[in-house]
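In what follows, a single structure is set out as structure tokens and then discussed.
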Amino acid sequence: MSAIYGANKDEFVTSLAAIALYDGDAEITADNINTLLAASNNVVAPYWPGMFANILKDGGAEKLVFSVGGPAPAPVAVAAAGGDAPAGEAPKKEEKAKVEEVDALDGGMDMFGGGGAKTGDY
């Protein structure tokens, strides 16, 4: 935890407190989050518990937890174009030529201005 500090630590410990409340089937409120934070000797900015409680109230925690990997978007129906294709056949799509991607670092330059050689501190 010493590597995490400031607002990042506040957000992290508040989210862990909210997850613990959800996992324990307790109501996710600002007061419950503050109680859990105090019990774990964590002090956060006063707006964090209320913000998490408002986001996760009224089933928001379930929506958040179960929304990961949701359903794929529905396919879009394509209107038939002209009368060129016989009935029952989909119109053919024109294939685009493949564009080869160019790697910006192919020339040996890196973002710190060095050549391709492994010199220096990193």
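Observations on the model:
- Residue count for segment 53-62, restricted to those that are within 15 Å of E11 (Cα to Cα) and open to solvent by less than 30 Å² (accessible area, probe 1.4 Å): 2
- Number of residues in segment 1-38 that are of a type in the set (D, E), open to solvent by 70 Å² or more (accessible area, probe 1.4 Å) and farther than 19 Å from V65 by Cα equals 1.
- Tally, over segment 16-45, of residues that are part of a loop (DSSP other than H, G, I, E, B) and among the charged types (D, E, K, R): 2
- Residue check: N41 meets all listed conditions (1) at pLDDT 75 or above; (2) surrounded by 11 or more Cβ atoms within 10 Å (Cβ to Cβ) but one, namely (2).
The values are calculated or read from the model by the stated rules, or taken from the named source; none is laboratory data. All values derive from a computational prediction rather than experimental measurement. Heads up, the Cβs are rebuilt from the backbone with ideal geometry, glycines too, and the neighbour counts pull from every protein chain shown. Just the protein is used for accessible areas: all its heavy atoms, side chains included, with ligands, DNA and RNA removed. Shrake-Rupley method; radii C 1.70, N 1.55, O 1.52, S 1.80 Å.
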